[in-house]
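The values are calculated or read from the model by the stated rules, or taken from the named source; none is laboratory data. Since the model is a prediction, treat every value here as computed from it, not as a measurement. Note: ideal-geometry Cβ built from the backbone for every residue, glycine included; neighbour counts use all protein chains shown.
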Amino acid sequence: MNEKGIPRSEILKQLTSELSRDFTHESGRILGSMCSKPHNFAKQVYIKNLEKNLGDPGLYPGTLKLEKEAVKILGSLLSDPDAVGNIVSGGTEANITAMWVARNISEMRNEVILPTSAHFSFDKAANLLGLKLIKVRLNEHFQMDVKEVHKAISSKTMAIVGVAGTTGLGVVDPIPELSEIAKEQDIYLHVDAAFGGFVIPFLKELGHKIIDFDFKLPGVCSITVDPHKMGLAPIPAGGILFRDPLMLKVISMKIIYLSGGDVEQSTILGTRSGASSTAVWALLKHLGREGYREIIRRCMEVTVKLAEGIKNIEGISLITQPAMNIVGLKSDGIDIRRIAQELRRREWAVALFQNHIRIIVMPDLKNSHIKELLEDLRQITKELR
């Protein structure tokens with residue numbers, strides 16, 4: 001640290017230089033991220049509430065009220081307005097919290113059955129909480145294989161995890177069947193809808209046929225849903241919702257020394273951003289179902305154009321028909337890693353999986369960006385064939 005401070009103008013100049021290397025969502029070049037540029041209104045609200053700390057809610061009763069209202073709105077979106085929970089830092093914290101609850105409810109059991117497509121946050125949860133992950137294979141539709149779930153259940157099974165919008169392909173696992181299993185076997189069922197939670201409900205309203213995944217299904221105990229993904233809220237803003245308020249009690253801790261008075265905390269983090277919760281509340285109120293429905297409609301229009309364009313390029317193909325605004329492309333004749341390398345060399349920030357490249361059509365991606373991307377793909381595949 002310098003003895004004397006540097007003038008703001010110099011700092012800002014240096015920041016501009018250093019950050020000029022970063023990708024931006026406006027450029028349309030970020031194709032592999034599930035986060036997007038936050039809505040302008042949400043940014044305004046967030047900036048005005050930076051000092052709010054929901055870790056000491058007694059000081060910020062208004063902010064606490066808005067968080068509870070935001071959770072209630074999210075619950076309504078996921079078929080249960082009485083669901084409880086919190087706005088947390090993201091899907092990783094939400095998934096770890098769900099596993100924490102499931103472990104404390106399940107006493108001596110410690111095995112979690114989940115698909116091989118599950119997010120890496122469950123590996124973190126297993127390491128932190130002393131859990132054993134039983135990863136089952138996928139079926140021909142890239143969904144969790146229900147037959148394998150049945151085989152994996154034992155006296156040690158603590159929880160089952162299904163995904164509604166997988167990280168790699170945006171596939172929705174057969175949650176209705178998992179719900180039946182969970183009810184029959186008295187096993188905790190968690191649904192990771194970090195991405196799909198803000199997509200599937202609006203796809204349904206637009207007439208798309210997608211299987212149920214939320215609290216409408218009686219076996220679902222908790223759901224992860226991230227407002228900072230397709231909800232367009234500023235980072236960090238994840239969400240964890242529970243069907244039963246008693247579930248939060250098994251992880252609650254009483255804090256007596258806070259400036260605002262005694263409080264019970266049921267989150268992993270102590271200090272929590274009140275700005276995030278407030279921005280989520282404001283955005284949910286501002287956009288409403290109509291606003292989000294229109295955002296999803298536009299994303300799907302671009303997704304269809306991208307998918308059709310890929311089908312018309314020799315050397316590559318879709319790994320599966322997109323279920324939502326996530327596209328996976330593969331190649332039977334070209335090393336997919338070489339295609340990804342060439343795309344990145346052309347400054348397309350794509351996500352590379354073992355057998356495919358993932359492209360996420362976030363709201364900032366326009367038809368003009370897709371046209372440019374498809375042209376680069378044509379050139380790359382022609383060169384590499």
- Run down 192, 173 and say which single residue is in contact (Cβ under 8 Å) with a residue 60 or more places away in the chain, of a type in the set (Asp, Glu), surrounded by 21 or more Cβ atoms within 10 Å (Cβ to Cβ) and under 18 Å from residue 118 (Cβ atoms). 192
- Among 255, 295, the single one that is in the same structural domain as residue 63 (by TED's automatic domain parsing) and not charged (D, E, K, R) is 255
- Query: Among the listed residues 48, 52, which satisfies the condition of being out of contact with any Gly (no Cβ under 7 Å at 6 or more places or on another chain) and basic (Lys, Arg)?
  - Reply: 48
- Query: Scanning for something among the hydroxyl-bearing types (Ser, Thr, Tyr) and either crowded, with 16+ Cβ neighbours inside 10 Å or under 24 Å from residue 32 (Cβ atoms) (or both), does the stretch 176-183 turn up at least one residue?
  - Reply: yes
- residue 153 passes all but one of (1) over 29 Å from residue 287 (Cβ atoms); (2) at pLDDT below 95; which number fails? (2)
- Note on the structure: (1) crowded, with 16+ Cβ neighbours inside 10 Å; (2) of a type in the set (A, V, I, L, M, F, W, C); (3) part of a loop (DSSP other than H, G, I, E, B); (4) in contact with a strand residue (DSSP E or B) (Cβ under 8 Å, 6 or more places away or on another chain) all hold for residue 307 apart from (3)
- Query: Has the stretch 285-296 got any residue that is surrounded by 18 or more Cβ atoms within 10 Å (Cβ to Cβ) and either of a type in the set (D, E, K, R) or in contact with a strand residue (DSSP E or B) (Cβ under 9 Å, 6 or more places away or on another chain) (or both)?
  - Reply: no
- With the stretch 37-128 as the region, which helices (runs of 4 or more DSSP H) entirely inside it contain at least 3 residues that are closer than 28 Å to residue 155 by Cβ? 91-105
- Taking the stretch 177-235, which residues are among the small types (Gly, Ala, Ser), assigned to a helix (DSSP H, G or I) and more than 17 Å from the chain's Cα centre (by Cα)? 179, 182
- Note on the structure: Within the stretch 1-36, residues touching a residue at least 40 places away in the same chain (Cβ under 8 Å) and either closer than 30 Å to residue 67 by Cα or part of a helix (DSSP H, G or I) (or both) come out as 25, 26, 32, 33, 34, 35, 36
- Which residues, counting only those in the stretch 105-138, are among the charged types (D, E, K, R) and free of Cβ contacts under 8 Å to residues at least 12 places away in the same chain? 107, 123
- Query: Assuming residue 321 fulfils every condition listed in (1) surrounded by fewer than 22 Cβ atoms within 10 Å (Cβ to Cβ); (2) closer than 23 Å to residue 201 by Cβ; (3) in contact with a Ser or Thr (Cβ under 6 Å, 6 or more places away or on another chain); (4) not aliphatic (A, V, I, L, M) apart from one, which condition is it?
  - Reply: (3)
- Message: For the stretch 286-304, check the following and say yes or no: at least one residue is among the aromatic types (Phe, Trp, Tyr) and in a loop (DSSP other than H, G, I, E, B).
- Response: no
- Take the stretch 139-155 and flag every residue that is in contact (Cβ under 8 Å) with a residue 24 or more places away in the chain and surrounded by fewer than 19 Cβ atoms within 10 Å (Cβ to Cβ). 141, 146, 150, 152, 153, 154, 155
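Quick grid of which residues meet (1) surrounded by fewer than 19 Cβ atoms within 10 Å (Cβ to Cβ); (2) modelled with pLDDT of 95 or more:
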residue: 2; (1), (2): yes, no
residue: 10; (1), (2): yes, yes
residue: 13; (1), (2): yes, yes
residue: 20; (1), (2): yes, yes
residue: 41; (1), (2): yes, yes
residue: 50; (1), (2): yes, yes
residue: 57; (1), (2): no, yes
residue: 66; (1), (2): no, yes
residue: 73; (1), (2): yes, yes
